[in-house]
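These notes concern the structure reproduced below.
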Amino acid sequence: MLRVTLRPASYGAGVIDLHTHSTVSDGSELPAEVMRLAAEAGCRAVALTDHDSMAGLPDAGRAAAEAGIELVPGCELSCRGPVPDESDVEPSAHVLVYFADPGSGPLVDELAALRQDRVTRNHRLVERLNELGIPIRYEQVLAEAGGEEGVGRPHVAAVLVSMGAAESVTDAFDRWLGTGRPAHIPKARLAPADAAELARRSGGVAVLAHPLSLGLSPAALERFVGELAGAGFAGIEALYGRYRPDERRALAALATRFDLVATGGSDFHGTYKPDVSVGTGLGDLAVPDDRLDQLAARRPG
């Protein structure tokens, strides 16, 4: 089993990145390469948070040890979010889980079920695109992803770009794959409270990822964050790679109101988000590493 030991408080100040993805889910770089990039960016610690999987942690752990940085075990789950007042589409609330035991436990069991659902969803997505007149083949998507377990929509998007059915990965989502678009296929999603409970029972903590992606009004977001705090969440991702300084400050203040940790990360995906770098996001991200200590203090006893 992978064991990760938090550094002592005397380790020294630095920056961290608590949101990265590798080839295990929908990133373009191997887990070890993500660690190398984190060390190159000057990170003291980095979390690998692949969607529905912690399979990249052993390779990442070895690379992190060689680079002299701390690996934080993590993953990212898609949960049900609140419906905005002006919409009838229920958004996904993405939840980051940290410190959970990657070897066994309730969370690991749930991740296996979610990955199986992902495989079914990916096949249905290709079928839907065929119905829409796009002659994409599942084998092309597998080749792009390098295997079936990590296949996600960014891989489908990349194939659509190579076929000329979209101008970019972003355009593929806007035109075909995003929520409410013609080829969108919903995926299995947990209730946020269930994700927090799975994290707790597996020794971890839950954090709401990129809160502004929910599309909620400030008042609705405040209500939702309050509900998450009541459900046992440890933090919200206030210092997100793509957010403006004023947005980060507002979210950090929201975290403080509900006694939550204002965490942060780049949401690195490699070439699938080419403008986002490990550690620095768009170039101005600097997440203080005391946020990791604050999160660790919220771990179940």
- So Leu282, is it in contact (Cβ under 8 Å) with a residue 12 or more places away in the chain and either under 13 Å from Arg44 (Cα atoms) or polar (S, T, N, Q) (or both): no
- Message: Could you check region 152-205 and list, in sequence order, the residues that are out of contact with any Lys or Arg (no Cβ under 9 Å at 6 or more places or on another chain), farther than 19 Å from Ala231 by Cβ, in a loop (DSSP other than H, G, I, E, B) and touching a residue at least 24 places away in the same chain (Cβ under 8 Å)?
- Response: Thr179, Gly180
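Looking at region 244-301, which of the residues that are polar (S, T, N, Q) and within 29 Å of Ala219 (Cα to Cα) is surrounded by the fewest Cβ atoms within 10 Å (Cβ to Cβ)?
The residue in question is Thr256.
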- Message: Condition check: assigned to a helix (DSSP H, G or I) and at pLDDT 95 or above. Does Ala238 satisfy that?
- Response: no
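The values are calculated or read from the model by the stated rules, or taken from the named source; none is laboratory data. These numbers come from a predicted model, not from an experiment. Positions of Cβ are backbone-derived with ideal geometry, glycine not excepted, and every protein chain shown enters the neighbour counts.
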